[in-house]
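No lab work stands behind these numbers, since they all come straight from the coordinates. Every value quoted in this text rests on a predicted model; they were computed, and no experiment measured them. Neighbour counts run over all protein chains shown; Cβ positions are idealised from the backbone, glycine included.
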Amino acid sequence: MSVLNDIEKIRAVDPENMYNRIFDLPEQMEEALKISKKWEINADDFPEVKNIVVIGMGGSAIGGDLVRSYLASKLLIPFQVVRNYELPEYVDDETLVIVSSYSGNTEETLAALDDAIGRKAMIAAISTGGMLEDVCKFNEIPMAKLPEGLQPRAAICYSFVPTLLFF
């Protein structure tokens, strides 16, 4: 029997339980849909979007990559995923910035969010909380609240589905 067919052997070398995280993706997708429907987004707060930027690091940015790829043939405006402390120079008040930080405490993402606020960009966020939630509350930025307890790379549906449905 191959190791790949033996669940117990897989679990023995899978301390982060990624096997079950992948197996549970359909349920995560359903929960992500429910979260997306609760996200209080007002289309009037996002008029005349000329550019889209998703900011995040590591697993938190993967959802932005997937959405960008999925919508590539349909988008009529630039869409960029940024994994950095600063935003591209073109970001301004006609740019939609979606902030994605699973923990809500990612240094680079919080710095880029501060940059977006300073440039008066249109902003929305997805996170489990952390400092990002505090900044969103203070600045009245709509934030989709994600469930805790996963590694960002294992929360793929939580970063992908709300971002996709935002559009």
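Structure above, values below:
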| quantity | calculated |
| --- | --- |
| The chain - percent relative contact order, Cα under 8 Å, separation 6 or more | 28 |
| Cα coordinate range in the range 3-166, projected on the principal axes (Å, largest first) | 54, 35, 29 |
| Distance in nm between pseudo-label sites at Asp134 and Ile41 (7 Å out along the Cβ direction from Cα) | 2.7 |
| Residues Ser73 and Lys34, FRET efficiency given R0 of 22 Å [Cβ-Cβ distance, rounded to 0.05] | 0.20 |
| DSSP-loop trypsin sites (Lys or Arg not before Pro) across the range 17-64, with at most 16 other Cβ within 10 angstrom | Lys50 |
| Hits among lysines - C-alpha to C-alpha of Lys74 under 22 Å, sequence gap 8 or more where chains match | Lys50 |
| Reachable lysines from Lys137, criterion Cα separation under 24 angstrom, eight or more residues apart if same chain | Lys34, Lys37, Lys38, Lys120, Lys145 |
| Beta bridges by DSSP in the chain, antiparallel share as percent, to the nearest 5 | 0 |
| Asn84 long-range amide H proximity, modeled H, under 5 Å | Gly56 |
| Positive-end residue of Asn42, Phe167, Asn84, charge dipole of the chain with Cβ unit charges | Phe167 |
| Amide hydrogen neighbours beyond the local backbone of Val53, cut-off 5 Å, H modeled | Gln80, Leu96, Val97, Ile98 |
| Integer Hz, Karplus 6.51/-1.76/1.60 couplings in order for the range 85-96, x for Gly and Pro | 6, 10, 8, x, 4, 6, 5, 8, 6, 10, 10, 8 |
| Using alpha-carbon coordinates, inclination of helix 59-71 to the longest axis of the chain, degrees | 70 |
| Only Lys, Arg (+1) and Asp, Glu (-1) charged, at Cβ; the range 3-166 dipole about Cα centre in debye | 400 |
| Neighbour-limited loop hits for GluC sites (Glu not before Pro), the range 58-167 (at most 15 other Cβ within 10 Å; DSSP other than H, G, I, E, B) | Glu86, Glu89, Glu94, Glu140, Glu148 |
| Cα lying deepest toward the dipole's positive end in the chain, options Ile98, Asn5, Gly63, charges on Cβ | Asn5 |
| Burial ordering of Leu96, Leu25, fewest other beta-carbon atoms within 10 Å first | Leu25, Leu96 |
| Vicinal HN-Hα couplings computed from phi for the range 146-160 (Karplus, 6.51 cos²θ - 1.76 cosθ + 1.60; Hz; Gly/Pro x) | 9, x, 8, x, 10, 7, x, 5, 8, 9, 4, 5, 6, 8, 7 |
| Projected label distance in nm at Glu94 and Glu48, using a 7 Å step from Cα toward the beta-carbon | 0.7 |
| Leu25/Asn84 FRET efficiency (R0 35 Å; Cβ-Cβ; nearest 0.05) | 0.80 |
| Cα-centred dipole magnitude for the range 13-75, charges only on beta-carbon of K, R (+1) and D, E (-1), debye, nearest 20 | 260 |
